[in-house]
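Structure first, commentary second.
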Amino acid sequence: MWGILRRSAVDGGGFSASSLRRTRFSLVSARSYAAGSKEMTVRDALNSAIDEEMSADPKVFVMGEEVGQYQGAYKITKGLLEKYGPERVYDTPITEAGFTGIGVGAAYAGLKPVVEFMTFNFSMQAIDHIINSAAKSNYMSAGQINVPIAFRGPNGAAAGVGAQHSQCYAAWYASVPGLKVLAPYSAEDARGLLKAAIRDPDPVVFLENELLYGESFPISEEALDSSFCLPIGKAKIEREGKDVTITTFSKMVGFALKAAEKLAEEGIGAEVINLRSIRPLDRATINASVRKTSRLVTVEEGFPQHGVCAEICASVVEESFSYLDAPVARIAGADVPMPYAANLERLALPQVEDIVRAAKRACYRSK
Amino acid sequence: MATSFSATLPLHGSQENRLLLPPIRLAPPPSSFLGSTRSLTIPSSRRLYHAHAARRSPVVGVQEVVKEKKVTNSLVLCILITKEEGLVLYEDMILGRSFEDMCAQMYYRGKMFGFVHLYNGQEAVSTGFIKLLTQSDSVVSTYRDHVHALSKGVSARAVMSELFGKVTGCCRGQGGSMHMFSKEHNMLGGFAFIGEGIPVATGAAFTSKYKREVLKQDCEDVTVAFFGDGTCNNGQFYECLNMAALYKLPIIFVVENNLWAIGMSHLRSTSDPEIWKKGPAFGMPGVHVDGMDVLKVREVAKEAVTRARRGEGPTLVECETYRFRGHSLADPDELRDAAEKAKYAARDPITALKKYLVENKLANEGELKTIEKKIDELVEEAVEFADASPQPGRSQLLENVFADPKGFGIGPDGRYRCEDPKFTEGTAQV
C-alpha cells in the first residue's frame, strides 16, 4: 500500500503535458525522492549532466551538428559553447560517418567524446563506426583499445515527422555485443544515465526522446548532486503492483503509468518497470517481477519484429515459464513505416488504451 | 598541372619556402622540397593512365620513368641517405617481403585461415613513411596491414601468432589478419571496411591537436592513414579531407594506389583517376610520388610529417605502387595483364634499393646478404613460436567485450554477471 502511494505520489504526473501536478509528500524512507520541491525538464537534466561532466574532465568534448552556435538542434547543448569554447564544443559539417569516425578515433587515442546525432535516424549513416570501429574494438584488440564514447540524440517517433525521422533504434543497437544501450525516461534517469554513459569506458548509445525533452519531472537533491550516477544495467520499478507486469522504456513509461492508473480503477494492480538500460537488459528484475505477478505485457514504440519486446518475452518464457499464468503480450509500434497523417500516426503507435486492453486480456478480464 | 606543396600554401596565409636540404637538383623549376617528382612522374603517369585507357601496352612510358629515375636518383638523392638509414630501410622492406611470403606458405599449409591480404610490392610506401615516425605517432591501416604493423614496431612473432589465431598474438588471437592493433606501438588497426580507418585516423590526429590546445600538453604526434585507390571513391574519404583541412589536423593521408581494387581497375571506377588532385580541392597539398622508390617516398614523407608537426595541417600523398600478388590469397588474380605485372616487377622496390646502396657504395653485397639471412631466421623463428603457442582458452571468449565488464548485466542472482567466476571461465549459463 505504502509502496503504491509513494510511487504514484512521485510519478503521478507521468506524461501529461498539463501543469497539473500532484505534489504529495512522501512519508517514507530516504530512498524515496525528496518532497516534490524541485522539478526539472529532461532537457535541463541532460544539459546539466553534460555541463558537469565537461567541467569535471577536460577530456570530455561535444561534437555534432548545430551543437554550438545554434545551441543544439533541440537546445540540449545550450550554453555549452559560451562556457567551454569552440575547442570543446564542435559544430560539425553534415558528415555523420566522418564525424562519428573522428569521435571514435579520438576515443581510441584517449579522449571522451559525446557525439550528438540530430536524430538517431541519421546515425544510420554512421552505423559502421558505431558498430565496427567502436563496439567491436575492445574485443578485436584484446582489451588494448577501449572506446569511452557516448552517442546520444533523440530516438523514436516525434510528432508528424514522417517515416524517415521516426524509427526507434533500440533493438538494432541492443543486439550488438560491445555496446551499452540506455533509454532514460524521467529527468532523474536522464541525468544519472547520461553521466554514467559519459564516464563509462565503453561505447554507449544513449537514446533520448524528443517529446520528453520539455517534460518536467520532480527531482531529488541527491539527483542534483554533481557526482550522481545511475548504475547501467538496473531497471527501475516505477510502480509496484501484483497483478500484471508491464515493462517498457522511454516515452512509453509515461503511457504505461497512465494505463496503470486506469487499471487500478478496475482493480488490477499493474507493476510498471522502466527498463532504463536496454543493453544490458535487467532480466533479473523483469523475471522477479513476472514471478510475482505471473503475467507480462511488454511495450515499446519500435517495430514489432525482432524488437526489444521480443527479447524480453523470450527471456521470460525461457526463465520463468512455469510462473506464467497467461501468454506473454507484446505491444509495439505498427509494422509499417511511420505515416504522416496525425490520425494514422496515432494508430501506428501504442496508446494507453492498447496497454490497458492487453493487460486486461492478460488478466482474463476483457472480452 | 602538378602540385607541389607550395601550390596551395597561399590558402593558409604566409608561406615559408623552407628547404630541407640545399637545392641540388637536375630539374630547373623551384620547389619547396627536394626530391620533387613534378618533372618526373606526373607526365609519365599521365602517359600510363592514357595507355591503360587506350588498352595499349604501357611499356614505353614505364621504361622512360625508370631511366629518368636512375639518373636523378644518383645525382639528387645520394646525399639524402646515410648508410645506417639505408640499412634500416633495407631491413624493414626485407622483413615485410619475407613475412608476407611466409604468410602465403603458411596459408596454403592451412596454418592461417580466413581473409589474408598480402603487401608484396608495396613495401616502399610502408617503410618510407613509417620509419620516419616515433613510437607515439599513430598509424591507421586497412585489412592489408601486416607490414604496417611490422614497420611500426610490432614484433614478427606477435603478428605471426595473431595470424595463426594463438593467444600470444598481438590481439590474443581475437583480431586476426585484418585487425592488427597495438596500443604500445600506436598501431590503431587494421580495419576491414575500406574507408573506415580514415575517420578513425582523423580522430587520432584530432586528439593530438586537442591535447595541445585544450589539455595544454606537449604533443607533436602525427597520424598516418594508409588506404587504397578504391577507398578514394568512398564518401568518408572526402568527409575527412574536408574536416582535416578545416580543423588543420596533423594527419597525412597516404593513398597506396596500386591501380586495382580486387578486380576493379582504378581507371574503370574513377571519373578523375589522379587522386592527388583531390587534395587542393579541399585546401591541402596533394602530391603524387613514385611508390616503388623508397627514397622518393621518404622525401615526400619527411616534408609531409614536418608540415603536420609544425601545425600546418594535412597532406594528401598519392603513391603509385603495385601489389605483386592478388588482392587476397583467395584471389585468382586473372584480370591483371601479365605485361603490367612484369613491368612493375622490374621496379621492385627492394631490388631498386639494393642496387642503389651498392652502386653508391653505402653497403656491399655481403652486408645486405647478412641482413636477408637475419630476417629469414627471424621469420622462421616467428613461425616456430606461433606454432608452439597455445590457442586461446575457452574463458577468453567472453573477455574484453567491454572495458567495464558490468556491461554484461546482472545475472539471475541479482549480482553482476562478471562477478561470477564461472562466467569468465565460460561455464556459466549466459
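Nothing in this text is a laboratory measurement; each read-out follows from the coordinates by a stated rule. Computed from a predicted structure; not experimentally measured. Here Cβ is always computed from backbone atoms with ideal geometry, including for glycine, and neighbour counts include all displayed protein chains.
Specify whether the C-alpha gyration tensor of segment B:83-388 places it in the rounded, prolate or oblate class, a ≥ b ≥ c being the square roots of the eigenvalues: rounded for a/c under 1.5, otherwise prolate if a/b is larger than b/c and oblate if not.
Working: a/c = 1.33, a/b = 1.27, b/c = 1.05.
Rounded shape, in that the Cα axes give a/c under 1.5.
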The alpha-carbon center of segment B:162-228 and that of segment A:338-367 are separated, in whole Å, by 49 Å
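Quick check: net charge around A:Val290, other residues with Cβ under 13 Å of its Cβ, Lys/Arg +1 and Asp/Glu -1?
Values: positive: A:Lys242, A:Arg283, A:Arg291, A:Lys292, A:Arg295; negative: A:Asp243, A:Glu271, A:Asp282, A:Glu318, A:Glu319, A:Asp325.
Surrounding charge for A:Val290 is -1.
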With label points set 7 Å from each Cα along the Cα-to-Cβ direction at B:Phe193 and A:Val161, the distance between them in nm comes to 2.2 nm
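Of all DSSP beta bridges located in segment A:39-224, what percent are antiparallel, nearest 5? Don't skip to the end; give the middle numbers.
Numbers: 3 of 22 bridges.
Of the beta bridges lying entirely in segment A:39-224, close to 15 percent run antiparallel.
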Given B:288-295, B:333-340, B:370-377, the highest-first ranking by average Cβ count within 10 Å works out to B:288-295, B:370-377, B:333-340
Taking segment B:117-261, the equivalent ellipsoid from its C-alpha gyration tensor has semi-axes in Å, biggest first, of 24, 19, 13
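Count the DSSP beta bridges whose two residues both fall in segment A:236-363, then state the antiparallel fraction as a percent rounded to the nearest 5.
Working: 3 of 14 bridges.
Taking every DSSP beta bridge with both residues in segment A:236-363, the antiparallel ones total about 20 percent.
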Placing each pseudo-label 7 Å from Cα in the direction of the beta carbon, B:Arg394 and B:Asp376 end up separated by a distance in nanometres of 4.4 nm
Treating only Lys and Arg (+1) and Asp and Glu (-1) as charged, each at its beta carbon, one finds that segment A:236-363 has a dipole about its Cα centre, in Debye to the nearest 20, of 140 debye
Any chymotrypsin sites (Phe, Trp or Tyr not before Pro) in segment B:79-137 that lie in a DSSP loop and have at most 12 other Cβ atoms within 10 Å would be none
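Cα-based Rg of segment A:266-337 per 2.2 N^0.38 Å, rounded to two decimals?
Details: Rg = 12.2 Å, N = 72, 2.2 N^0.38 = 11.2 Å.
After normalising by residue count via 2.2 N^0.38 Å, the value is 1.10.
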Two pseudo-spin positions, 7 Å from Cα along C-beta at B:Ala281 and at B:Phe113, lie apart in nanometres by 4.4 nm
Computed ³J(HN,Hα) along segment A:105-118: with the Karplus parameters 6.51/-1.76/1.60, θ = phi - 60°, integer Hz and x for glycine or proline, the list is x, 5, 5, 4, 8, x, 8, 10, x, 10, 9, 9, 9, 4
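Give the average, rounded to an integer, of partner chain Cβ atoms located within 10 angstrom of each Cβ in A:127-139. Before the final figure, lay out the partial values.
Numbers: counts 0, 6, 6, 0, 0, 5, 9, 1, 2, 4, 10, 9, 11.
Across the residues of A:127-139, the mean count of other-chain Cβ atoms within 10 Å is 5.
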For segment B:83-388, percent of DSSP beta bridges that are antiparallel (nearest 5) comes out at 15 percent
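Sorted by average packing, counted as other Cβ atoms within 10 angstrom per residue and highest first, what order do A:133-140, B:383-390 take?
Details: A:133-140: 26.2, B:383-390: 15.6.
Peptide ranking by packing, descending: A:133-140, B:383-390.
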FRET efficiency for A:Glu39 and A:Glu318 from the Cβ-Cβ distance with R0 = 56 Å, rounded to 0.05, comes out at 0.85
Here the whole-number average of other chain Cβ atoms within 10 Å per Cβ of A:142-154 is 4
Cα extents of segment A:39-224 along the principal axes, largest first, in whole Å, come to 44, 38, 32
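State, to one decimal in nm², a quarter of the convex hull surface area for the C-alpha atoms of segment A:236-363, i.e. the direction-averaged projected area.
7.2 nm²
Work out the mean other chain Cβ neighbour count within 10 Å for the residues of A:270-283 and drop it here as an integer.
2
Please give the direction-averaged projected area of the C-alpha convex hull for chain A, in square nanometres with one decimal.
Working: hull surface 71.8 nm².
Hull-based average projected area comes out at 18.0 nm².
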Taking every alpha carbon pair in segment A:179-259 and sorting the distances into 10 angstrom bins from 0 up to the bin holding the longest one, the percent per bin comes out as 16, 48, 31, 5
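What does the highest-first list of A:157-169, A:174-186, A:347-359 look like by mean Cβ count within 10 Å? Don't jump to the answer; show the numbers that get you there.
Details: A:157-169: 17.8, A:174-186: 24.5, A:347-359: 19.5.
In descending order of packing, they fall as A:174-186, A:347-359, A:157-169.
Determine, from the Cβ-Cβ distance of B:Thr134 and B:Lys361 and an R0 of 41 Å, the FRET efficiency 1/(1 + (r/R0)^6), rounded to the nearest 0.05. Walk me through the numbers before you get to the answer.
On the way: r = 30 Å, r/R0 = 0.73.
With R0 = 41 Å, the Cβ-Cβ based efficiency is 0.85.
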Rg (one decimal) and Dmax (whole number) from the Cα set of segment A:70-135, in Å, equal 12.2, 34
Stretched fully, the stretch from B:Asp387 through B:Lys183 gains (0.36 nm per residue minus C-alpha distance, one decimal, in nm) 71.0 nm
